[in-house]
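Encoded as C-alpha cells, the structure appears first; notes follow it.
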Amino acid sequence: MYLPQAWSPIQKVSFRFTFIFFLLFILPFPFSTILGFFNEFTLAQAFSDFWTWCAKQVATSLLGMEGLPDGSPGSGDRTENWIQYGLFLLLAIVGTLVWSLADRNRKNYYRLWRVFVMVVVYYLVYFMAIYGFIKVFYLQMPELRIDRLLRTYGQSSPMGLLWTFMGASKTYSVYAGLSEVIAGTLLIFRRTRTLGGLVTFGVMFNVFMLNMAYDVPVKLFSAQLMLMGLYIALIDYKAILGVFIWQKPQAVTPWPPFFKSAQKQLGLLIVQVLFIGYIYYERIEAGISGRSQYGELRPKSALYGLYDVITFVKNGDTIPPLLTDDERWQRMIFESPQNTMVMYMDDRTRFYSSAIDTTTQTITISIGADSLRKDYPLRYEKLNDGLQIRGVLEQDSLFLQLKTYDLSRFYLTNRGFNWVNEVPWHRYDPAPKSNW
C-alpha cells in the first residue's frame with residue numbers, strides 16, 4: 001500500500017496556486033462535454049457569460065474603458081480574453097493566500113492532487129483530439145481554393161500565409177494532426193503519461209511559436225495547453241533529469257489505484273473508457289462528415305474551374321481588357337455549387353449566390369435577400385476550351401467568352417513530391433498567363 005509523504009510548504013503552496021489557476025481555465029469541463037452528448041450547452045454558455053460579465057466590470061470599473069471592443073469569436077486573443085486571463089491569475093494568487101492561511105497544517109493534498117491530475121489530463125486529451133483530428137482530416141487548413149491560388153504573397157496576412165502553406169500540403173497537415181492525436185493518446189495511459197506530457201509540450205510549443213510568428217489569435221490558449229502538458233511531464237521531473245542529465249535511474253512517481261475496492265476501480269475504468277471513447281468517436285465522426293461538407297469531398301460546381309474572360313460585351317459594347325477599367329470582368333471562378341466568383345480588372349472580387357442547371361444550361365445569379373431577391377438566369381454553352389455566357393444581369397445585357405485556365409499549371413499544386421531533385425525547385429512563376 002502506498003503511503004504519501006508529507007509535502008514541503010513550497011509543494012503545498014505550488015499545488016494550491018496551480019489547482020486554482022488551472023481549474024479556472026478548465027471548468028466547466030468535463031461536465032460541459034458530458035452535457036454536450038445530449039446537445040445541452042447551457043452550462044458552458046453560463047460560464048462564458050459569467051466571465052464575460054466579469055471582464056466587462058473590470059474593463060469599465062478598473063481600467064476606465066467604456067466597454068469591451070467588439071471582436072470575432074474566432075479570436076482567442078481579444079481584450080476580453082486578456083482581462084480574463086489576468087483575472088484568473090489574480091484570483092489564483094488571492095485564493096492561494098487564503099487557502100494557505102486556512103489550511104496551513106495539512107500534510108499533503110495527495111488525493112485531491114490525483115483527481116486534479118486526471119482532470120487536467122482529460123482536458124488535454126479532449127483538446128488535443130479536437131485540434132489533432134481536424135488536421136488529420138485536412139479541415140483546419142484545407143486544400144487551397146482557386147481564388148487563394150490567385151493571390152500574391154504580399155496580399156496575404158501572416159495568418160493567411162500560414163493557412164496557405166499548411167493547406168498546400170495534405171501530408172504535413174496530417175502529420176501535424178497525428179502529432180497532436182498521439183500526444184493526447186499517450187496521456188491517457190499511466191505508463192506513457194510522462195512521455196505524453198513531454199510530447200504535448202513539444203507539439204504545443206511549436207503551435208505556440210507558429211501563433212506568435214504568424215500572428216494567429218490563439219496565442220493565449222496554445223500557451224495554456226503547452227504549460228499544462230509541461231506540468232504533467234514535470235510530475236516525473238526527477239526521472240526525466242535522471243535519464244537526460246544525470247544518466248542514472250531515478251524512481252518514478254507511483255500511481256496506485258484510486259480505490260481499494262476492485263468493483264469501484266472497475267467502475268472508474270468503465271467511465272474513463274466511455275469518456276475517451278466518446279471524445280474520439282465525436283472527433284472522428286465530425287472529421288468524416290466535415291470532409292463531405294466542406295473538405296476534400298465537398299460538392300463542387302458543375303462548371304468547376306477558373307476561366308479567363310477573353311471577350312466581354314456589355315449592352316452591345318465590347319470592352320477591352322484594360323487594367324484601368326473597374327467594370328470589366330477579368331476572371332470567373334466556379335467552385336462551390338452555391339456561389340460564383342467574379343474578379344474585375346483591378347483584382348476586386350465579388351461573390352454571387354448562384355445555381356447551375358446543367359439540363360437547361362443555365363446559371364441563375366441571385367442578388368438580394370428575401371422579398372428583395374431578384375434572380376437573373378444566364379444561358380451558358382460549353383466550348384472545347386471554355387464557355388460562352390449570355391443574358392441580363394442587373395439591367396445590363398452581357399455576352400462573355402471564357403477560356404479555361406489549366407489549374408495544373410500552378411506551381412504550388414502541381415509540383416508534387418520527388419525523391420530525386422537534380423536542382424532545387426525554388427521557383428516563382430512571374431507570368432503564368434499572358435493576360436495576367
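The values are calculated or read from the model by the stated rules, or taken from the named source; none is laboratory data. Owing to the predicted nature of the structure, the values given are computational and were not obtained by experimental measurement. Cβ sites come from the backbone with ideal geometry, for glycine too, and all protein chains shown count toward neighbours. Quick note on the areas: whole protein, heavy atoms, side chains included, nothing else; ligands and nucleic acids left out. Shrake-Rupley method; radii C 1.70, N 1.55, O 1.52, S 1.80 Å.
Working carefully through the options LEU97, LEU68, find the one that is over 28 Å from TYR214 (Cα atoms) and not β-branched (Val, Ile, Thr). Spell out how you get there, then give the answer.
On the way: LEU68 fails: over 28 Å from TYR214 (Cα atoms).
Matching residue, one of LEU97, LEU68: LEU97.
Is there any pair with a first residue in region 303-325 that is farther than 23 Å from ILE146 by Cα and a second that is basic (Lys, Arg) and surrounded by 14 or more Cβ atoms within 10 Å (Cβ to Cβ) whose Cβ atoms are under 7 Å apart and which are 6 or more apart or on different chains, and what are they?
ILE319/ARG328
Among the listed residues ARG190, ARG148, identify the single one that is open to solvent by 40 Å² or more (accessible area, probe 1.4 Å) and under 24 Å from TYR278 (Cα atoms). Break it down into steps so the answer makes sense when it comes.
Numbers: ARG148 fails: under 24 Å from TYR278 (Cα atoms).
ARG190 is the lone residue from the list that is open to solvent by 40 Å² or more (accessible area, probe 1.4 Å) and under 24 Å from TYR278 (Cα atoms).
Please verify whether region 128-145 includes one or more residues that are surrounded by fewer than 21 Cβ atoms within 10 Å (Cβ to Cβ), among the acidic types (Asp, Glu), out of contact with any helix residue (DSSP H, G or I) (no Cβ under 9 Å at 6 or more places or on another chain) and at pLDDT below 95.
Within region 128-145, not a single residue is surrounded by fewer than 21 Cβ atoms within 10 Å (Cβ to Cβ), among the acidic types (Asp, Glu), out of contact with any helix residue (DSSP H, G or I) (no Cβ under 9 Å at 6 or more places or on another chain) and at pLDDT below 95.
Restricting to region 1-48, give me the number of residues that are charged (D, E, K, R) and modelled with pLDDT under 95. So that I can check it myself, show each step before the final result.
Initial filter on region 1-48 (charged (D, E, K, R)): 12, 16, 40.
Filter once more, keeping what is modelled with pLDDT under 95: 40.
Total satisfying the criteria: 1.
Output the residues belonging to region 264-290 that are among the charged types (D, E, K, R) and surrounded by fewer than 16 Cβ atoms within 10 Å (Cβ to Cβ).
Here is the first cut: in region 264-290, the residues among the charged types (D, E, K, R) are 264, 282-283, 285.
Selection gives LYS264, GLU285.
Hey, can you tell me all the residues within region 221-240 that are open to solvent by 10 Å² or more (accessible area, probe 1.4 Å) and farther than 16 Å from MET118 by Cα?
Within region 221-240, PHE221, ALA223, GLN224, MET226, TYR237, LYS238, ALA239, ILE240 qualify.
Look through TYR352, TYR405, TYR376, TYR380 and report the one residue that is touching a residue at least 12 places away in the same chain (Cβ under 8 Å), hydroxyl-bearing (Ser, Thr, Tyr) and out of contact with any Ser or Thr (no Cβ under 8 Å at 6 or more places or on another chain).
Values: TYR352 fails: out of contact with any Ser or Thr (no Cβ under 8 Å at 6 or more places or on another chain); TYR376 fails: out of contact with any Ser or Thr (no Cβ under 8 Å at 6 or more places or on another chain); TYR380 fails: out of contact with any Ser or Thr (no Cβ under 8 Å at 6 or more places or on another chain).
So the residue among TYR352, TYR405, TYR376, TYR380 that is touching a residue at least 12 places away in the same chain (Cβ under 8 Å), hydroxyl-bearing (Ser, Thr, Tyr) and out of contact with any Ser or Thr (no Cβ under 8 Å at 6 or more places or on another chain) is TYR405.
Enumerate the pairs (first residue in region 285-300 and of a type outside the set (A, V, I, L, M, F, W, C); second residue anywhere and part of a helix (DSSP H, G or I)) with beta-carbon separation below 6 Å, excluding pairs fewer than 6 apart on the same chain, so at least 6 apart or on different chains.
Pairs that qualify, where the first residue is of a type outside the set (A, V, I, L, M, F, W, C) and the partner is part of a helix (DSSP H, G or I), are GLY287/PHE133.
Quick check on my filter: what residues within region 309-326 are of a type in the set (Val, Ile, Thr), open to solvent by less than 40 Å² (accessible area, probe 1.4 Å) and under 20 Å from LEU383 (Cβ atoms)? It would help to see each step written out before you state the result.
Of region 309-326, the ones of a type in the set (Val, Ile, Thr) are 309-311, 313, 318-319, 324.
Right, trim to open to solvent by less than 40 Å² (accessible area, probe 1.4 Å) and you get 309, 311, 313, 319.
Passing the criteria: VAL309, THR311, VAL313.
What are the residues in region 349-368 that are out of contact with any strand residue (DSSP E or B) (no Cβ under 9 Å at 6 or more places or on another chain) and over 16 Å from LYS300 (Cα atoms), if any?
Kept after step one, since they are out of contact with any strand residue (DSSP E or B) (no Cβ under 9 Å at 6 or more places or on another chain), are these residues of region 349-368: 358-359.
Result: THR359, single match.
ARG291 versus (1) part of a strand (DSSP E or B); (2) under 26 Å from VAL174 (Cβ atoms): which is the lone unmet condition?
Result: ARG291 passes all but (1).
Among the residues of region 247-260, count how many are without any contact (Cβ under 8 Å) to a residue 60 or more places away in the chain and surrounded by 11 or more Cβ atoms within 10 Å (Cβ to Cβ).
If we filter region 247-260 for residues that are without any contact (Cβ under 8 Å) to a residue 60 or more places away in the chain, which is where we start, we get 247-253, 257, 259-260.
Checking which are surrounded by 11 or more Cβ atoms within 10 Å (Cβ to Cβ) leaves us with 250, 252-253, 257, 259.
Residues in region 247-260 being without any contact (Cβ under 8 Å) to a residue 60 or more places away in the chain and surrounded by 11 or more Cβ atoms within 10 Å (Cβ to Cβ): 5 in total.
Residues of region 83-108 being at pLDDT 95 or above and either closer than 30 Å to LEU186 by Cβ or surrounded by 14 or more Cβ atoms within 10 Å (Cβ to Cβ) (or both), which ones?
ILE83, GLN84, TYR85, LEU87, PHE88, LEU89, LEU91, ALA92, GLY95, THR96, TRP99, SER100 - these are the residues of region 83-108 that are at pLDDT 95 or above and either closer than 30 Å to LEU186 by Cβ or surrounded by 14 or more Cβ atoms within 10 Å (Cβ to Cβ) (or both).
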